[in-house]
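Contents: one structure, followed by commentary.
The values are calculated or read from the model by the stated rules, or taken from the named source; none is laboratory data. No experiment lies behind these values; they were computed from the predicted model shown. Counting neighbours? That spans all protein chains shown, and the Cβs are built from the backbone with ideal geometry, glycine included.
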Amino acid sequence: MYSIEQSGQLYKTDPTAGTWSQIDTVSYVNTVQLYAGSKSVFTIEKDGSLFRINPDSGEWKRLGEAGDWANTIVGIATYGYLFP
């Protein structure tokens, strides 16, 4: 389970143990949608940009062009991909 706190930090939570850990130090304050799958975490930003985040390393990369995902309302992350 993943969450972005008001501070803009991304956290991974283990609901069974009740523990949480910060993924990296990047600010996710512009994130409007968060999707988590078994292999990747995806965010859609205020400008409609889509990012894939490696939850183990915190490495992130924009996928496509800025604004490509601006009209996305819902999606599902599975098999390392985000499907709108």
### Task
Take segment 29-60 and flag every residue that is in contact with a strand residue (DSSP E or B) (Cβ under 8 Å, 6 or more places away or on another chain) and farther than 21 Å from S7 by Cα.
G37, S38, S40
### Query
Tell me, which strands (runs of 3 or more DSSP E) wholly within the chain include 2 or more residues that are among the β-branched types (V, I, T)?
31-36, 41-45, 76-78
#### Entry: Output for segment 66-84, where each listed residue is more than 21 Å from K12 (Cβ to Cβ) and either within 13 Å of the chain's Cα centre (by Cα) or of a type in the set (D, E) (or both)
D68
### Query
What's the number of the condition I44 fails, among (1) within 16 Å of L82 (Cβ to Cβ); (2) modelled with pLDDT under 95?
(2)
#### Entry: Verdict on R52 being under 19 Å from I76 (Cβ atoms) and of a type in the set (D, E, K, R)
yes
### Task
Answer with yes or no whether G18 is modelled with pLDDT under 95 and closer than 23 Å to V74 by Cβ.
no
### Query
If you go through segment 52-84 one residue at a time, how many are more than 23 Å from I23 (Cα to Cα), at pLDDT below 95 and surrounded by 14 or more Cβ atoms within 10 Å (Cβ to Cβ)?
0
### Task
Return yes when L63 is without any contact (Cβ under 8 Å) to a residue 24 or more places away in the chain and within 13 Å of the chain's Cα centre (by Cα) and no when it is not.
yes
### Message
Quick check on my filter: what residues within segment 36-48 are over 13 Å from K12 (Cα atoms) and crowded, with 19+ Cβ neighbours inside 10 Å?
### Response
F42, T43, I44, E45
